[in-house]
Amino acid sequence: MEDKITRRAFLKSAAAGAVAAGALSCGRAAAGSSGEGPGEMETRVNHVSGDKVSLLGYGCMRWPMIKDASGKDVIDQEKVNGMVDYAMAHGINYYDTSPAYLQGQSERAAGIALSRYPRESYYIATKLSNFGNPSPEASIKMYRDSFGELRTEYFDYYLLHAIGGGGREAFERRYVNNGIMEFLYAEKAAGRIRNLGFSFHGNKDSFDYFMSLHDNGTYHWDFCQIEMNYVDWTHADGKRNVNADYLYAELVKRNIPIVVMEPLLGGRLANVPANIATRLKTLEPDRSAAWWAFRFVGSWPGVLCILSGMTSMDPLKENVETFGHFKPMDDKELALMEEMAVLMKEYPMVNCTSCKYCMPCPYGIDIPGIFHHYNRSVTDGTFVTDSSTENYRKLRRAFLLGYDRAVPPERQADHCISCGTCLSHCPQSIPIPGELARINRYVEKLKQGKI
Amino acid sequence: MFRKIRIILAVLFFAGVTSLLLDFTGALHGWLGWMAKIQFLPAVMAANFVTIAALCLLTILFGRVYCSVICPLGVYQDAVSWLSSRRKGKRARFRPKKELKWLRYGVWVLFVAALVAGVQVFVALLAPYSAWGRIVDSIFAPAVKGFNNLLALLDQRIGTYNVYPREVWLKSLPALLVAVVTLILVTVLAWRGGRTWCNDVCPVGTTLGFLSRFSMFRPSVDYSKCRECLACERKCKASCIDIKAARIDYSRCVDCFDCLDSCKAGALKYRFAWKKAVTAGGEEPSGTGDGGRRAFLIGSAILAGETVVRSQEKKVDGGFAAIAAKKAPKRDVPVTPFGSSGVRDFYRRCTACQLCVAACPNNVLRPSSDLSRLMQPEMSYEKGWCRPECTRCSQVCPSGAIKPVSVEEKTDYHVGTARVNRELCIVETDGVSCGNCARKCPRGAIRMVPVNPDDPESLRRPAVVEERCIGCGACENLCPARPFSAITVNGREEHIIKD
């Protein structure tokens, strides 16, 4: 109840501000997604540090890759520079990266692109991604290397990367027993870390544990990065992750600013199943599904920044426009989103966001590729559960042929040996071998004509 | 008129049989499968008495029309010969030749002996339908698949889902080489001497020749009208007309009717002429073909000695762990298809026509490179496994080597048994848990048992329950050990049906 009142006050103030600025005066007539132009970037103030942060943040995990002369995947720096130029010109000032992203190349690319601007004109968020080797030496080296890669003297936001998955035990192994927490607080005191927080993927118990550390004064979290979107709001599975409304309320209660990741569930909320798309298009024919998803997240005042991993100029421009003419949702729209989330849950999709943390699989399986093809077929409505479905034969062929196109046969799900190497890497805690087996059972049924 | 009908029917049969051999989708077999089943040798192997009787009756009535219409290798030679005749000065290039009895009957006796003794390599080398089958599958099918893959690429580009890409791979080098040599030889012989192969070598032709000597309808000369212009002789691909000796060798005549149209005097007619048996005879033969045939046999023998087979290695890109291509293990007993009753029976009946190899959608069947069953198909699981929903090879086999099997029956056949090689199993070599073979076995024939029997908590390794295994190769194909799988299938001598 508490946060609802807060939201109402927030809506009121947003409306007042909009009237004053004249920014929201446009009605339905000008609602074309390319009709409005960039507008003025919505900002939020971090009441702890005073930072004025753009509501849209740049996630540096999905930048475009190209092959270099030796056939190695490298970041397309030219494109990155162009996109960062556009982002900076349109008010995006929060850039989130990690030493682990894009085969370890993300920080350097961000550093190259951002260092062309005055340091105080943007905020850098990076992480201690010490999954592989949590020894004090390796962890501190990783921390120190990030300064060089990002060409900076200090980090505005520094995160313990993806805690919660292994519960308290993993947290202590990675940050406590090796003395890293003390080290980071010393660094914060020295001014090299301005805000210290963590990104969270896990269940309620471990989240409560991290909050209790804050409450009892063991640690102080300056901010927290959580997965939040209209599906996860009240429809997280509960075993491996927590409903975002709970996380949100707990953080707001403690006045901890919230950075949001996966507002689009790795793009799945940008490409929604046909019946959901129809519902949304009925209301706003010229708005994309992403527009609704972003607005849902932005409608919560405790949210400081919403990260989006924009791979090309096109989503970047679209998102800049969404946040340049930002309009929080009213209660009716929020209820609609809940309705969409219920519909969404009816589709048997895999909760994969294509972050590729699981790769490379030692047995050569293309895990994200398989999940992507499967999810896409569910979204596109080419997923069949019944042979009496209209166009059954056509859909069956589309799935099987599309599968072979998307993933070479020797990298398909039937070759997964369930070794479980991937399990600890998945921030979504997807039971990857189980999901691959499920998809393989579906493929087998299709091939054997048993559906 | 007769000639035109012959050409139309020949084109239809030739296109039909060749399409069957090229059709990797299996769509044509329902319509055209009978065209393979009426081929002479497959019908003999299948003990298909109705077909054999019909073919014999056809020959006794009308002569060797089988060779001109139904046999694809015969029609191919006619096409080559026709092209050759279009050259300047070659329009009337044939001369009567003496029947090479020792060669014809020598080959025939050897062929029948090989058939009885089960020396299928020799049978497959000479049988015309088998020869055409391996030529099409080894030489033309890859080109067709390449074209299919271009279409598949286009299909993918425009975002539709109509065409499956098909892998083009070298199924057996010896089979390919034999096919190339066969094609070159048959083409050269036909280019130079028309039906030399059919006259002097082809055992099916010789067999039908026994009957066609006495055929009821036959081209015959009315010598009262004949002006001895010899135009018919010069058009005769079989070189079997000898006007001066007043003889036509009906054992070689394939009823192509080219001679009929050449006769301007109206002396040569296709008519009922039973009991006017005419024996062979004529002038001195020019001797073409004999040297070629010898070279062919010698060449084939050399080829047979080479048994190097290697599947193409595949390259992988950087973002993934590299995957080594699988290599075929050595199998003590070859695995033969579901629907064959056993190894011995299968290889005795199979005419190596490659129809099943061409039809296999899982890249399991390929011509053997083993000398004892060269070019006859065998199963192996490097590229796929014998999937439960597929019974295609059993539907297409014209010779009865693979009997029709239903999808339901298939998983009750026992064609081979898997065996685990503990030295290769990653559970033992890498100390990781796996069990993919057990999970993917469609019969549930693999049990995961503790590596250390005294420690139930130790890692589990696969053990095959032989009685449940059917030999489909899912375990072998999906085993993570590379290049050699840690679990491999060995064939069964006798296939049994489980209950």
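Worth a mention:
- Scan of region A:177-194 for residues that are charged (D, E, K, R), within 26 Å of residue A:120 (Cα to Cα) and part of a helix (DSSP H, G or I), ordered by number: A:187, A:188
- Subset of region B:482-499 that is buried (at least 24 other Cβ atoms within 10 Å of the Cβ) and either on the phi > 0 side of the Ramachandran plot or hydrophobic (A, V, I, L, M, F, W, C) (or both) - its residue that is farthest from the chain's Cα centre (by Cα): B:486
- Residue A:182 vs. criteria more than 30 Å from residue A:289 (Cα to Cα), among the acidic types (Asp, Glu) and open to solvent by 20 Å² or more (accessible area, probe 1.4 Å): yes
Okay, residues lined up against (1) over 17 Å from the mean Cα position of the chain (by Cα); (2) under 30 Å from residue A:185 (Cβ atoms); (3) buried (at least 19 other Cβ atoms within 10 Å of the Cβ):
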| position | (1), (2), (3) |
| --- | --- |
| A:214 | yes, yes, no |
| A:218 | yes, yes, no |
| A:227 | no, yes, yes |
| A:230 | no, no, yes |
| A:250 | yes, yes, yes |
| A:255 | yes, yes, no |
| A:260 | no, yes, yes |
| A:275 | yes, no, no |
| A:314 | yes, no, no |
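- Every residue from region B:234-274 that is among the aliphatic types (A, V, I, L, M) and either surrounded by fewer than 16 Cβ atoms within 10 Å (Cβ to Cβ) or assigned to a loop (DSSP other than H, G, I, E, B) (or both): B:238, B:243, B:245, B:246, B:254, B:265, B:267, B:273
- Restricting A:242, A:259 to residues that are on the phi < 0 side of the Ramachandran plot and in contact with a strand residue (DSSP E or B) (Cβ under 6 Å, 6 or more places away or on another chain) narrows the list to A:259.
- Residue ID - surrounded by the fewest Cβ atoms within 10 Å (Cβ to Cβ), chosen from residues in region B:124-155 that are free of Cβ contacts under 8 Å to residues at least 12 places away in the same chain and within 13 Å of chain A (Cβ to nearest Cβ): B:154
- Checked across region B:392-401, the condition of being of a type in the set (A, V, I, L, M, F, W, C), out of contact with any Cys (no Cβ under 8 Å at 6 or more places or on another chain) and buried (at least 19 other Cβ atoms within 10 Å of the Cβ) holds for no residue.
- Listed by position, the helices (runs of 4 or more DSSP H) enclosed by region B:156-233 that each have at least 1 residues that are among the basic types (Lys, Arg) and either open to solvent by 10 Å² or more (accessible area, probe 1.4 Å) or away from every other protein chain (no Cβ under 14 Å) (or both) are B:173-193.
Here's the yes/no breakdown for (1) modelled with pLDDT of 95 or more; (2) in the same structural domain as residue B:324 (by TED's automatic domain parsing); (3) not hydrophobic (A, V, I, L, M, F, W, C):
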site: B:368; (1), (2), (3): no, yes, yes
site: B:372; (1), (2), (3): no, yes, yes
site: B:385; (1), (2), (3): yes, yes, no
site: B:389; (1), (2), (3): no, yes, yes
site: B:392; (1), (2), (3): no, yes, yes
site: B:396; (1), (2), (3): no, yes, no
site: B:403; (1), (2), (3): no, yes, yes
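- Qualifying residue in region B:426-439 (condition: basic (Lys, Arg), out of contact with any Leu (no Cβ under 8 Å at 6 or more places or on another chain) and more than 14 Å from chain A (Cβ to nearest Cβ)): no
- Condition broken by residue B:349, with the remaining ones in (1) within 14 Å of chain A (Cβ to nearest Cβ); (2) surrounded by fewer than 24 Cβ atoms within 10 Å (Cβ to Cβ); (3) in contact (Cβ under 8 Å) with a residue 24 or more places away in the chain satisfied: (1)
- Taking the conditions (1) open to solvent by 60 Å² or more (accessible area, probe 1.4 Å); (2) in a loop (DSSP other than H, G, I, E, B); (3) touching a strand residue (DSSP E or B) at 6+ places or on another chain (Cβ under 9 Å) in turn, residue A:116 satisfies each one other than (3).
- In the condition set (1) modelled with pLDDT of 90 or more; (2) assigned to a helix (DSSP H, G or I), residue A:275 is compliant with all but (1).
- Look at region B:369-394: where a residue is touching a residue at least 12 places away in the same chain (Cβ under 8 Å) and within 14 Å of chain A (Cβ to nearest Cβ) and a partner is surrounded by fewer than 24 Cβ atoms within 10 Å (Cβ to Cβ) and of a type in the set (Ser, Thr, Tyr), sitting 6+ places away or on another chain with Cβ atoms under 7 Å, you get B:382/B:311; B:388/B:411; B:391/B:406.
- Just one of the numbered conditions (1) within 13 Å of chain A (Cβ to nearest Cβ); (2) open to solvent by 30 Å² or more (accessible area, probe 1.4 Å); (3) more than 27 Å from residue B:340 (Cα to Cα) is not true of residue B:462: (2).
- The helices (runs of 4 or more DSSP H) found entirely in region A:357-451 that carry 2 or more residues being of a type in the set (S, T, N, Q) and either over 24 Å from residue A:274 (Cβ atoms) or more than 7 Å from chain B (Cβ to nearest Cβ) (or both) are A:367-380, A:432-448.
- Of all residues in region A:174-187, those that are more than 25 Å from the chain's Cα centre (by Cα) and among the charged types (D, E, K, R) total 2.
- Selection status of residue B:406, exposed (fewer than 15 other Cβ atoms within 10 Å of the Cβ) and within 14 Å of chain A (Cβ to nearest Cβ): yes
- Residue check for residue B:335: surrounded by fewer than 23 Cβ atoms within 10 Å (Cβ to Cβ) and either touching a strand residue (DSSP E or B) at 6+ places or on another chain (Cβ under 9 Å) or away from chain A (no Cβ under 14 Å) (or both): no
- Only one of the numbered conditions (1) within 14 Å of chain A (Cβ to nearest Cβ); (2) modelled with pLDDT under 95 is not met by residue B:474, and that is (2).
- Restricting region B:386-441 to residues that are part of a strand (DSSP E or B) and among the aliphatic types (A, V, I, L, M) leaves a set whose member that is farthest from residue B:38 (Cα to Cα) is B:420.
- Residue count for region A:141-165 under the criterion of being touching a Leu at 6+ places or on another chain (Cβ under 9 Å) and either free of Cβ contacts under 8 Å to residues at least 12 places away in the same chain or open to solvent by 30 Å² or more (accessible area, probe 1.4 Å) (or both): the result is 2.
- Given (1) among the polar types (S, T, N, Q); (2) in a helix (DSSP H, G or I); (3) free of Cβ contacts under 8 Å to residues at least 40 places away in the same chain, index of the condition residue A:218 fails: (2)
- Qualifying positions in region B:221-243 - within 16 Å of residue B:99 (Cβ to Cβ) and either touching a His at 6+ places or on another chain (Cβ under 8 Å) or not acidic (Asp, Glu) (or both): B:236, B:237, B:238, B:239, B:240, B:241
- Test set (1) within 14 Å of another protein chain (Cβ to nearest Cβ); (2) in contact (Cβ under 8 Å) with a residue 60 or more places away in the chain - residue B:484 fails condition number: (1)
The values are calculated or read from the model by the stated rules, or taken from the named source; none is laboratory data. All values derive from a computational prediction rather than experimental measurement. As a convention, Cβ positions derive from the backbone with ideal geometry for all residues, glycine included, and neighbour counts pool all protein chains shown. Each accessible area value is taken on the protein alone, full model and side chains, heavy atoms only, with ligands, DNA and RNA left out. Shrake-Rupley method; radii C 1.70, N 1.55, O 1.52, S 1.80 Å.
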